[in-house]
Structure formats: C-alpha cells, structure tokens
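**Student:** To start, I am sharing the structure in question, which I have written as structure tokens.
The values are calculated or read from the model by the stated rules, or taken from the named source; none is laboratory data. Predicted, not measured: the structure shown is a model, and the values here were computed from it. So basically every Cβ, Gly included, is an ideal-geometry build from the backbone, and we count neighbours across all protein chains shown. Heads up: the accessible areas ignore ligands, DNA and RNA and are worked out on the full protein's heavy atoms, side chains in. Shrake-Rupley method; radii C 1.70, N 1.55, O 1.52, S 1.80 Å.
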Amino acid sequence: MAVGALCATPLAAHAAQSDQIAAHFSSVRTMMGEFVQFGPRGEQTGGKFYIERPGKIRFDYEEPSGFRVTSDGSSVVIMNKKLNTADLYPLSKTPLKLLLDERIDLSGDRVQTVRQDDDLTTIKMADKSIFGNSTITMMFDTNSYDLRQWTITDAQGKDTTVMIFNVEQGVTFDPSVFKIDYRRVDEMSRNSR
C-alpha cells in the first residue's frame, strides 16, 4: 500500500498542478501583448497579438513580414498581404483550438506529457481527431500559472514556437479586431490559384 502511494505522488502532483493551470488559464478571457515567433527554419518574426476566448485570436506581424493570422471563433485565416494570398482553415481542425477553448482541458488522453521545472511547467497535448499528428506544447509560469509560450509541431515534425511578453489581461476589444472578411479571403484565394 505504501509503495503504491509513493509511486502515485508525482503523478498526483502533476495532475494538481495541471488543474491549477487549467483553472487559471480558463479564467483569463482576454489578453494582448507582443510576441516573437521562431519558425522551423530558424526564421524569427514578431508583432502584436490579441486573444479573446473562446475561439478568437489575431496576430499582426511586423513589417516586412506582411502576415496576419485571425480566428473569429469558427475559422482561422492566414493572410499574406505581400503575396495577396489567404488560406482558410476550420478552427476546430487546428492546434489553436486547444489554446482557445472556453475551458482549457488538461485531462484525459489529450495530455501526452507534463514536465515541471523550477520556473516553467510544460504540457504537451495532442488530439488526433482535431489535428492529426500535430501537437501543441504550452509552457506556463510555475508560480503565476500565466502562459509564457507555445510550440506547435506539425505532422512533419517541424516546430513553430511563439513566445509572448508584455501581456495585458482583462482587455476589452472592439468586435472588428477578430472579424474575417470572407469575401476578401475568397477573392485572395481565387487570385492565388
């Protein structure tokens, strides 16, 4: 009996930590700040981000990138203003869905690993039914439970990491921040064919 209890303690501690992180992160409805993104080939870009949960996010990349990523709660559009192209995806089929859900779910078989370091708790999640073989690894501050960064690993094993800083929580956004102009997206998609 004692041996079983000793073996269960680390897992129970991780579960308790995950529950606290989930509760804190779920209570944060809006946030904005700055980000730095590192792509799979070592490229680095940055800009400003806006999140309103559930489902809404926007990344405005600094020039000369020309990119903007927007989710309105149902779709995600990746716009490249320089090339005048737009790619549209259902939010439900992207790793961002796990980050933007009404309540972040760190239970069950979605959680692959939980690692606790002195200053960061790292949680790696996957859901084949949502986004195939891609994963999202989120890093939270061990003390405040605030989100610090996430890495999306695509089906080919390529990582894109986003680090966030100068974060403000509890912000009110105009609805236009997350609006997708589907007519414009359709035009841009036709032009890129």
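**Student:** Which members of the range 164-185 meet the condition of being open to solvent by less than 90 Å² (accessible area, probe 1.4 Å), under 26 Å from Leu83 (Cα atoms) and touching a residue at least 60 places away in the same chain (Cβ under 8 Å)?
**Tutor:** Val177, Phe178, Ile180, Val185
**Student:** Those residues that are among the small types (Gly, Ala, Ser) and touching a helix residue (DSSP H, G or I) at 6+ places or on another chain (Cβ under 7 Å), I need them from the range 54-72; list them, please.
**Tutor:** The answer is Gly55, Ser71.
**Student:** If you don't mind, there's one more thing I want to ask. Give me the residue from the range 55-101 that is open to solvent by less than 60 Å² (accessible area, probe 1.4 Å) and part of a loop (DSSP other than H, G, I, E, B) and, out of that set, modelled with the lowest pLDDT.
**Tutor:** Here the residue is Pro95.
**Student:** Looking at Thr160, Thr113, Thr135, which one is free of Cβ contacts under 8 Å to residues at least 40 places away in the same chain and not charged (D, E, K, R)?
**Tutor:** When all the criteria are applied, what remains is Thr113.
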